Amino acid sequence: MNTTEKFEEDIEFFDREAEKEEIMRILRAKPQLINFIYGPINSGKTTLITNLIENLSENYVVFYINIRGKLIKEYGGFTRVLFKVKKKEISEKLSEKGKKAAKTGAILFGRYLAGIPVEKDMLDGFLETKSSDDVFEFLEEYFLKISETKIPILIIDELQVIGD
């Protein structure tokens, strides 16, 4: 098959119901800890997460950040990957969807947001500061605000890229 041909069928996602139920049990519990999904390379972790996201109810807002292939040498690199600068067209779409949803950042493009949306000047401020307090205070407030109407989920895929 050459690279211009399309795949004719998808491989069926199957036999992961027990894992999906365990993850949903964790998601329904009051958050107290950070949870990790880990396993051997190519065991289907990302496929499992993607399938789960696609089947979540509208009660959830998922922020999915895949750091594979991202250059992260220091704190600023991680901060750049974590956030997505809102562009004008995104702000306009948020306005179209309604003020309430825009305030909570709960607009899904597809089934999840690829990064936590922030204004460019705010991201610049995070990168200029020597302290990580501002970023984590912002995230805490941001997710608390979203949790007034939705259940926020932050997924950082390929976390091993960060190393030490």
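Values in this text are rule-based calculations from the coordinates and carry no lab data. Everything quoted here is computed from the prediction, not taken from an experiment. Cβ atoms come from the backbone with ideal geometry, glycine included; neighbour counts cover every protein chain shown.
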Residues whose built amide H sits under 5 Å from the amide H of residue 115, excluding neighbours closer than 5 in sequence, are 64
Residues whose modelled amide H sits under 5 Å from the amide H of residue 61, counting only those 5 or more places away in sequence or on another chain, are 151, 153
Between residue 73 and residue 26, Cβ-based FRET efficiency (R0 41 Å, step 0.05) works out to 0.80
Which of 120/150; 45/84; 86/120 exceed 18 Å between C-alpha atoms? The answer is 120/150; 45/84
Expected unfolding gain across residue 122-residue 141 under the 0.36 nm per residue rule, minus the alpha-carbon gap, is 5.4 nm
